[in-house]
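What follows is a set of notes on a single structure, which appears directly below.
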Amino acid sequence: MMKEWFRSGTPWIWLTGGALSISLIAVIGLLAMIAVKGLSYFWPAQVMQFEVEGFVPKQTVIGEVYDSEIVPREQLSAAGYDLSAFNNAEFKRLLIKTGNREYVDLDFRWILTTDIKSQSTPSGLAVIERSKNGYFYGYISAVIKNGETITENNQAVLNSLIERAVALNKQAHKLQSDDIGKINYQLEQLRLTQKGYELDNEFTPARAAEIAKQQKQLYKQSQLLETELFALREQAKRDQVVVTDMRNEQVTLEISEVLAIWFPNDMSVFDKLGHYFMQLGKFVSDDPREANTEGGVFPAIFGTVFMVMLMAVIVTPFGVVAAIYLHEYATKNAFTKMIRIAVINLAGVPSIVYGVFGLGFFVYVLGGSIDQLFYPESSPTPVFGTPGVMWSALTLAILTLPVVIVSTEEGLSRIPSSIRDGSLALGATKIETLWRIVIPMASPAIMTGLILAVARAAGEVAPLMLVGVVKMAPSLPFDGNFPYIHLERKFMHLGFHIYDVGFQSPNVEAARPLVYATAFLLVSVIIALNITAIRIRNRLREKFITLEH
């Protein structure tokens, strides 16, 4: 009976189904863990006030409870704690985020529960998010508006002043990055033009006078804009807020450095929900701050998507052309056999090797040659002879090329030869048959290869560290200066951002939830790119399914 059951194949069906179920549960569980640990960071947690005395001097500690752990007695004894008054084998301690880093040694501190004499969540405790020096916790004592101290209804006044300061800071940032940045770009182009004339021995007095005239006009415009910029910054610095911190001292903060303020202990569930989505939106749309441990990740999102799309544009035609040659034109001989072996071997090469190749060939050889031929006036500063987004896209295009070739060739092999013969019999040339019949029918397979290429390229980090990605990019590869798309610039990437925040951050505890949040965002970006490609593939498959039958 048992032998017949095994011979029927039923156990293997259950085995494969069980393995698939376990794999799905593991993947879903991993994504759920990342999502919970990452997205819960943006929820406004209650701010606790602890009265502490024991192994530490008597003091008040205000902050958010980040984590807790059980510590063995031996570990605390080895650290110098006198535990003779306790019989516990284990002790619990809490990790508290205290902020206020200008006046407190550490943003985070561990507190043993045995030291906590009392704890509460008092009303009126404020969390102040700042552009510098992180969060600040305390009680709002007064608001200073244009030199006048306001103590009544100060929360409403404070919110309006913060909105005013944020708007002025955004206006100043836009003026500096757009208008002043454009003038600086034009001045740099004039300098390079002058140097180019000098290298070619064509720098005549007339050209010198023309360049000097243009520079003078640009300097004049720049001075006017800088005057406007300084005026905006002074307006933003007009107001202050006085906060009583956990040392029971009053601290005056510039509202120009305040991004938001909220009172989590006084917020309802709906207030917290609105604040949660606001913070989540700022994380997606803002630039990073404080060594990437605060702020948003928009430049990393833009860099990841832009680089992947550029890679897809490069790898698709090369992969399709190579597959068409191997399947439609090449004869089965030693040469094509070597090509296929090379393609298979390329798929197994470690990604860091591609990074070394990209740095040596694309950056130093190809980019250096482009600089010598077309940008001699920029020497010794490289233009294309330095890591950038274009070299990153080309490196990842070579890395994912075998996937596209194999997938496209499999799609071409599924097209019946009778369709090709019918097209040729009707008078079409081979090129016309390929362009109008074969490639459209193979397009779903091409999209499958592209999906796999995008999934791998979006998560690669090792080669990008050598050919273009950086911790902080001062500007995006896309701006308002001609030629608008700057492929030579370095860029930020979500994968490298995770590595940098998780392993290179000076503030590990503050960075930990951002690692999970960024990891979940990277997975979401990859899923979004794949879903888009899958929908295109399905539409192509439905369009050409009649030809296949």
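Just so it is clear, none of the values below were taken in a lab; they were calculated from the coordinates. This one's a predicted model, so the numbers in the text were calculated from it and none came from an experiment. Virtual Cβ from ideal backbone geometry, glycine too; neighbours counted across all protein chains shown.
Here are some notes:
- Measuring nothing but how far apart in sequence close Cα pairs (under 8 Å, 6+ apart) lie, relative to its length, the range 148-238 scores a relative contact order of 53 percent.
- Among 406-414, 513-521, sorting by the average number of other beta carbon atoms lying within 10 angstrom of each residue, highest first, gives 513-521, 406-414.
- Given (i) 28.3, 98; (ii) 30.9, 103; (iii) 22.7, 74, the label whose value is Rg and Dmax of the Cα atoms in Å derived from this model: (ii)
- Size of charge dipole - the range 298-548 - debye, nearest 20, with Cβ of Lys, Arg +1 and Asp, Glu -1, no other charges: 600 debye
- Karplus-derived 3J(HN,Hα) values for the range 405-414, using 6.51 cos²θ - 1.76 cosθ + 1.60 with θ = phi - 60°, are 4, 5, 5, 5, 5, 5, x, 5, 5, 7 Hz; glycine and proline are entered as x.
- Derived scalar couplings between HN and Hα for the range 326-340 equal 5, 8, 9, 10, 5, 8, 7, 9, 5, 5, 5, 5, 5, 4, 5 Hz in order, rounded to whole Hz, by the Karplus curve 6.51 cos²θ - 1.76 cosθ + 1.60 (θ = phi - 60°), x for Gly and Pro.
- When you restrict to C-alpha pairs under 8 Å that are six or more residues apart and normalise by the size of the chain, the relative contact order lands at 15 percent.
- Tilt relative to the chain, helix 10-39 - C-alpha long axis, 0 to 90 degrees, to 10: 40 degrees
- In terms of distances greater than 29 angstrom between alpha carbons, the cross-link table entries LYS117/LYS237; LYS37/LYS174; LYS132/LYS272; LYS37/LYS272; LYS282/LYS543; LYS132/LYS216 yield LYS117/LYS237; LYS37/LYS174; LYS282/LYS543; LYS132/LYS216.
- Proximal charge balance of ASN530 [Cβ under 12 Å; K/R count +1, D/E count -1]: +3
- Between helix 181-199 and the chain: long-axis angle, C-alpha atoms, 0 to 90°, nearest 10: 50 degrees
- Counting Lys and Arg as +1 and Asp and Glu as -1 over every other residue whose Cβ lies under 14 Å from the Cβ of TYR81, the net charge comes to -1.
- Dipole axis of the chain (+1 Lys, Arg; -1 Asp, Glu on Cβ), positive-most option in GLY296, ASN248, GLN46: GLY296
- Under 18 Å from LYS220, Cα to Cα: aspartates and glutamates that are on another chain or at least 8 residues apart: ASP178, ASP179, GLU188, GLU210, GLU228
- Nearest 10 degrees, 0 to 90: helix 494-503 Cα axis against the chain principal axis: 40 degrees
- Projecting label points 7 angstrom from Cα along Cα→Cβ for ALA425 and LEU224 puts them 7.6 nm apart.
- Close amide H pairs (under 5 Å, H built 1.01 Å from N) link PHE108 with THR98, residues at least 5 positions away or on another chain.
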